[in-house]
Amino acid sequence: KAARRTFLVTQVSEKVLISVLLCVGFSLFSFYRANPQSIPDGKDLITDADFLFPNFIANYLPVGISGLVVAAIFSAAMSSLSSGINSTSAVITTDIIPWLTKKRFEDSKRLKQAKWISFIVGVLIVAISSTMANVPGNITEVTAKTNGLFVCPLFNLFFMALFVSFATPFGTIMGSVYGVSVAYIIAF
């Protein structure tokens, strides 16, 4: 019951956040449309839209506010990244490794495994993010394409755990594999 309530709150919060971001985007569009001299030379309002938001932060917000915005962006990115890496490491260490090896490890050994898994996941994230420049589209399109690759299997896992009482581990894993495949085919 608590997980369902959390899911509902997350969905409502996400819709509110998207609405606020849409308002910010339309406000920036209006600002640059009303002030075309503010657009840097060689840039276009439509094709270079991803460049214009950081340009606005750097050049048109007051010095202290622009620093706070940049700090907030870095803080949000770092907290999301660290929580994702730690969560992935915890799941692999406590659920997957004991299931594969059929052994229980002592806490010091599990901590060492978790540190190594966190390192490996971090390296994989850096390697994958280094290829993002090759994904065509603006930042919204790239985000939607890449998020779909990760959200599809996660949604399947949560949906099966919350709503399908007869789901088997094999069926759930295969559903996630198919979800990633379909998301890749649709996005790319």
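Each Lys and Arg adds +1 at its Cβ and each Asp and Glu adds -1 at its Cβ; summed about the Cα centre, the chain shows a dipole of about 940 debye. Taking the longest Cα principal axis of the chain as reference, the axis of helix 2-34 is set at about 20 degrees. Candidates SER89, PHE26, VAL123 compared by Cα position along the dipole of the stretch 1-123: farthest toward the positive end lies SER89, with charges placed on Cβ.
Orientation-averaged projection of the stretch 128-188 equals 4.6 nm² [convex hull of Cα atoms, one quarter of hull surface area].
Since only TYR184, PRO36, PRO54 are under comparison, the one whose Cα sits farthest along the positive direction of the charge dipole of the chain, derived from C-beta charges on Lys, Arg, Asp and Glu, is TYR184.
The C-alpha atoms of the chain define a longest principal axis, and helix 169-187 lies at about 20 degrees to it.
Relative intensity of the stretch 11-115 on a log10 scale, I(q)/I(0) at q = 0.11, 0.19, 0.23 Å⁻¹, equals -0.60, -1.02, -1.24, per a Debye sum over C-alpha point scatterers of equal strength in the absence of solvent. When +1 charges are put on Lys and Arg Cβ atoms and -1 charges on Asp and Glu Cβ atoms, the dipole computed for the stretch 81-141 relative to its Cα centre reaches about 440 debye. Within the accessible area of the chain, the carbon and sulfur atoms contribute 72%, probe 1.4 Å, all protein chains present.
What's the local net charge at GLY137, with K and R +1, D and E -1, over the other residues with C-beta under 10 Å away? Within the 10 Å Cβ shell, the charges total -1. Other residues whose C-beta falls under 14 angstrom from the C-beta of LYS43 contribute a net charge of -3, scoring Lys and Arg +1 and Asp and Glu -1. Counted by Cβ distance under 15 Å from GLY25, the other residues give a net charge of -2, where Lys and Arg count +1 and Asp and Glu count -1.
In plain terms, the C-alpha convex hull of the chain casts an average shadow of 14.7 nm² when viewed from every direction. By a 1.4 Å probe calculation restricted to protein chains, LYS115 has an accessible surface near 130 Å², given to the nearest 10.
Leaving out ligands and nucleic acids, and using a 1.4 Å probe, what accessible area per residue does the chain come to in Å²?
Working: 13910 Å² over 188 residues.
On a per-residue basis, 74 Å².
Each of THR94, THR172 has its accessible area taken with a 1.4 Å probe; listed largest first, they run THR94, THR172.
Measuring between their Cα centroids, the stretch 2-38 and the stretch 121-188 lie 23 Å from each other.
The values are calculated or read from the model by the stated rules, or taken from the named source; none is laboratory data. Small disclaimer: the values here were computed from a predicted structure and weren't measured. As a convention, Cβ positions derive from the backbone with ideal geometry for all residues, glycine included, and neighbour counts pool all protein chains shown. Quick note on the areas: whole protein, heavy atoms, side chains included, nothing else; ligands and nucleic acids left out. Shrake-Rupley method; radii C 1.70, N 1.55, O 1.52, S 1.80 Å.
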